[in-house]
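Presented below is the structure to which this report refers.
The values are calculated or read from the model by the stated rules, or taken from the named source; none is laboratory data. The shown structure was predicted, so the numbers you read here are calculated from the model rather than taken from an experiment. Here the Cβ is made from the backbone with ideal geometry for all residues, glycine too, and neighbour counts use every protein chain on show.
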Amino acid sequence: MKRSGVAACAALLLLATAAPSWAQEEEERPPPPPAPVADDALADALETGELTEAEYALERARSLFQLRRVRREFGDVARPGPRDATLILRDLAARVGELEGAERTQAKRLLARPPQGAHRGLPGNGWSPGVPEGVACGPHVCVHWVNQAGDDDAPDLTDSSVPANFIPDWVELTLETWEEDVWAEQIDAIGYRAPLPDQTSSPNNGGGPHLDVYLEELGEDLVFGYCTTDDPNADDPSVAAVSAYCVLDDDYAEFGGQTPEDFLRVTSAHEFHHASQFAYDWLEDYWLVEGTAANMEETVYPHIDDNVFFLRFWSPLSRPGSPLDRGGFSDSEYGSWIFWRFLQEKIAGSPIILRKIWHRAAPVDVYSLLAVRRELSWRHLDFPDVFARFGTANRLRAYADAKKAGYPRPPLTKAYTVSPARPLIRWTPWRINHLATRFFAFKPGKNVKRGASLVVRVRLPRHGARATVIVLGDDGSRSTRRLRRNAEGYARARTRFGRGVKRVELVLSNGSTRVGPCWVDGSAPFYSCLGRPRDDRRVFELRASLGR
């Protein structure tokens, strides 16, 4: 395909289970709350009622491309993160119908494709008016570019084909990436739904039903790329699946840390997965939307470790006490990709498990965590047990790429030294949030005899709580054991603790998936289904003693 020139631009059954609580309330699912980009002047204006959600979504979208103008109007407005554009524009696309007059016109310009959008010198975003457009298509994807040397939005127009085919090398690389790498892996190999055809976006649909990818100068605004929708059904809350189009930076020259080609590759894998997600449910929970997209970078391009940044910043590895399904907070939804990697690598041994979860999440009345539970139940697995295994795998960094890529090790909550001089760690309470984990270590002190043992006791709350003991030997050996909880909530284990034992670790996990009515309680708006978790800050107790 790379040298062929311009081509012509031409289910699983769901497991029947009870409906989620919000469906029983007969509430219409609203759009997700606007993405909390920063605690800044726009956030204050939303909180005080100066801006409605729709107006806030418009101003936040404007800040992607016209930050100075927004700052002149509102004051201290933060620059969105380089990966925030997809969710920010999703917020706006879901609320265009709530705007009127000039505000609606601005919103439509921001959501318009680059050839129809306004140039950055005008309200909106897009190419300069009247520039010549080039189009190169494969079987499924069309790449559009500004075909005028010297224009800000034009890629490098060098064409080294022999004979010349009048398609720039960068455009050919983009088309090859999307067709032969991204589409081939995600749609053909794994079996995700293809992005929906966009004929209903006519007359501005890119010229046909293909998925359209536009190249534009986004780097000066520190935006890697995004996918959004101009589907006319996007403002209908009963419609879950919509068509998409995508926009990428034209050269990735403004970003450091890896080559422009690798930035193109991982951004393409990530953003294309959003386009496929739109064919299921484009308004799904943050941690499912961004977590699975970040994991897709690793699936398509395992040799590029760009997404490891999120593990170091805010993830179950760096912040295990933060709920796994928390989204919209310090990019925590991106760091959740390690959970999807765990399911793919350790539970199923295949990325197909994530495709099945997206299939289960497709109906409007099913949300992310419910879809995961249903898939695990179909595999005869209990979610709290799987979540406990996830915590143990994290502590041991038991992933294929962990050592090479430098995954961080989750921090200990507390380390104890147990010895004849201090043979007892008395009952100690610790609070743990839902879908969160704490790690404890017990180290042999001086004069611990060769045949000594350690007796660990725990008291676990009722819903979703699990305890796992890890014994680490001086020789690098490791063994794990799940503690069995009795009817009163107590569990105990005796482990070897003498010579040859480096330390014993205790993993306490709160795998509760209980959530209050979905889409109703806004006090914790960025967890699964925007509901209130019922088992946050549950008290776990531990005790340890030196034995023989």
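Here are some notes:
- Pick from the stretch 215-234, criterion assigned to a loop (DSSP other than H, G, I, E, B) and touching an Asp or Glu at 6+ places or on another chain (Cβ under 8 Å), ranking: surrounded by the fewest Cβ atoms within 10 Å (Cβ to Cβ): LEU222
- Within the option set VAL247, VAL239, being touching a Gly at 6+ places or on another chain (Cβ under 7 Å) and surrounded by 15 or more Cβ atoms within 10 Å (Cβ to Cβ) holds for one residue only, VAL247.
- Among the residues making up the stretch 267-298, those that are more than 10 Å from the chain's Cα centre (by Cα), farther than 20 Å from PRO32 by Cα and not hydroxyl-bearing (Ser, Thr, Tyr) are ALA269, PHE272, GLU297, GLU298.
- Filter result for THR158 (surrounded by fewer than 16 Cβ atoms within 10 Å (Cβ to Cβ) and farther than 26 Å from ARG265 by Cβ): no
- Scan the stretch 29-77 for residues that are assigned to a loop (DSSP other than H, G, I, E, B) and not aliphatic (A, V, I, L, M) and the total you get is 15.
Rundown of residues vs (1) on the phi < 0 side of the Ramachandran plot; (2) crowded, with 24+ Cβ neighbours inside 10 Å; (3) outside the structural domain of ASP382 (by TED's automatic domain parsing), yes/no style:
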residue	(1), (2), (3)
TRP287	yes, yes, yes
ARG312	yes, no, no
PRO316	yes, yes, no
GLU333	yes, yes, no
ILE338	yes, yes, no
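- Condition check for GLY208: surrounded by fewer than 15 Cβ atoms within 10 Å (Cβ to Cβ) and either assigned to a strand (DSSP E or B) or not assigned by TED's automatic domain parsing to the domain that holds VAL300 (or both): no
Per-residue answers, yes or no, for (1) of a type in the set (Gly, Ala, Ser); (2) closer than 20 Å to ARG478 by Cβ:
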site	(1), (2)
GLY335	yes, no
ASP382	no, no
LEU396	no, yes
ASP401	no, yes
THR413	no, yes
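- Given (1) buried (at least 16 other Cβ atoms within 10 Å of the Cβ); (2) under 26 Å from PRO410 (Cα atoms), number of the condition PRO517 does not satisfy: (2)
- From the list GLU100, GLU47, the lone residue that is over 27 Å from the mean Cα position of the chain (by Cα), surrounded by fewer than 16 Cβ atoms within 10 Å (Cβ to Cβ) and not β-branched (Val, Ile, Thr) is GLU100.
- Residues of the stretch 262-292 satisfying the condition of being under 17 Å from ASP212 (Cα atoms) and part of a loop (DSSP other than H, G, I, E, B): PHE278, ALA279
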